[in-house]
1. Taking LEU130 as the residue in question, decide whether it is crowded, with 21+ Cβ neighbours inside 10 Å, more than 30 Å from GLU58 (Cβ to Cβ) and touching a residue at least 24 places away in the same chain (Cβ under 8 Å).
2. Looking at region 182-238 only, could you name the residues that are over 15 Å from ASP98 (Cβ atoms) and polar (S, T, N, Q)?
3. Going residue by residue through region 132-154, is there one that turns out to be touching a Ser or Thr at 6+ places or on another chain (Cβ under 6 Å), within 20 Å of ASP98 (Cα to Cα) and in a helix (DSSP H, G or I)?
4. Scan region 199-238 residue by residue and report those that are under 20 Å from ALA131 (Cα atoms), modelled with pLDDT of 90 or more and among the basic types (Lys, Arg).
5. Which numbered condition trips up PRO100, out of (1) within 23 Å of ALA165 (Cβ to Cβ); (2) more than 18 Å from the chain's Cα centre (by Cα); (3) surrounded by fewer than 16 Cβ atoms within 10 Å (Cβ to Cβ)?
6. Please specify each residue of region 170-189 satisfying the condition of being at pLDDT 95 or above and surrounded by fewer than 16 Cβ atoms within 10 Å (Cβ to Cβ).
7. Please verify whether region 27-36 includes one or more residues that are out of contact with any Lys or Arg (no Cβ under 7 Å at 6 or more places or on another chain), among the polar types (S, T, N, Q) and either more than 13 Å from PHE70 (Cβ to Cβ) or modelled with pLDDT of 85 or more (or both).
Amino acid sequence: MKQVTSALALLALCMFGTAAQADEGEVKRLLEGKTGGRVHSVVKTPYPGLYEVQFNSEIVYTDEKVTHVFVGNVFDPDTRQNLTQERLNKLSVIKFADLPLDQAVKTVRGNGRRVIATFEDPNCGHCKRLAQDIDGMKDVTVYTFLYPVLSPDSKDKAQAVWCAADRARTWHDLMVGGSAPKAEAGCETPIEKNLLLGERLRVKGTPTIFLSNGERIPGAVPVAQLEEKIEQAAAVGN
């Protein structure tokens, strides 16, 4: 398959012209025949001649005759929005109510009316920035699934947090204050279950944030943007 960069993907839109369009089923048949892989869905995009193809949790693009496959992100040049990432976020929505919240560290600020869940590693720099952002928020409940995947001692720190008498305070002191948790007597933890859960939900990095409407935010985002998304999700639930 021919790969192009994100910038070239935009230029490639002009290549397809405005010829008569094939239907999604035909594009799917052609692509599976050429690649031998299973295509989950094919959707005609608003861009002339361009089709969005979903393989598992990935998105690529092709033309109506599947003469080329483009791997990369499509951006709106006016707003600079990553349209591919937005689509991936929508396709990866989960049912928030199905999350096993008893396997997470619960932190409540203010009245806690707004709810999010996060997958975080104790050694994740972006997770520490997220913890600082959350520290300044009002009226939010955060369920943190300890997800030690980055460093050899991540699991030890995660276990120490879970086994602490005050998990929320211990997590806060570690991520915001830089205070290493004291090793407590061994206790049963949900860490292995969290790792399996993250694999099932295709959590590919930390932090990964799930809003109360099931929308996924992969990675750290500016606090103003996060606040806006949390509020929007809370409004939908009311």
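1. no
2. Hits for region 182-238 are THR189, THR206, THR208, GLN225, GLN232, ASN238.
3. no
4. ARG216, LYS229
5. (2)
6. VAL176 - this is the single residue of region 170-189 that is at pLDDT 95 or above and surrounded by fewer than 16 Cβ atoms within 10 Å (Cβ to Cβ).
7. yes
The values are calculated or read from the model by the stated rules, or taken from the named source; none is laboratory data. Every value quoted in this text rests on a predicted model; they were computed, and no experiment measured them. Cβ sites come from the backbone with ideal geometry, for glycine too, and all protein chains shown count toward neighbours.
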